Amino acid sequence: MRPGTYSLRVTAPGFSSQVRSEIEIHVQSRPSADFTLKVGEVSGVMEVRTAARLLQTQTADMGGAVQEKQIDGNILTGAR
């Protein structure tokens, strides 16, 4: 490293980071810096997915009636 003044940042997963500034490096110097990391906030992401209900082909429990007017209107407009 070149002589000069440096800042040192220490990080680790699950811990808060710490910074030490004004660390001077000179020729032949051996500086040291002690760190005590504190437990930081733990965060996570939870993703919930659902699947569409399966089509029940054995029963008509989820059935419904379609009116003739609905069918004619869909044919004329190209709607599905």
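Bear in mind these aren't lab numbers, they're just calculated from the coordinates by the rules spelled out. Given the structure is predicted, the values throughout are model-derived calculations rather than measurements. Here the Cβ positions follow ideal geometry from the backbone for every residue, glycine too, while neighbour counts run over all protein chains shown.
With a cut-off of 8 Å between alpha carbons and a minimum separation of six or more residues, what is the relative contact order of the range 1-42 in percent?
It rounds to 42 percent for the range 1-42.
How do 29-40, 7-18 rank on mean C-beta neighbours within 10 Å, highest first?
The densest-packed peptide leads the list: 7-18, 29-40.
Report, by chain and number, residues whose modeled amide H sits under 5 Å from the one on residue 15, excluding near sequence neighbours (fewer than 5 apart, same chain).
Residues meeting the criterion, in which the H sits 1.01 Å from N, are 40.
Obtain the radius of gyration and the Kirkwood radius of the range 1-42 from its C-alpha atoms and give Rg over Rh.
1.10
Cβ under 15 Å from residue 16's Cβ, residue 16 left aside: what net charge do those residues give with Lys, Arg +1 and Asp, Glu -1?
Value of the local net charge: +2.
How much length, in nm to one decimal, is gained on full extension between residue 43 and residue 21, taken as 0.36 nm per residue of separation minus their Cα-Cα distance? Before the final figure, lay out the partial values.
Numbers: separation 22, 0.36 × 22 = 7.92 nm, distance 2.80 nm.
Full extension of this stretch gives 5.1 nm more.
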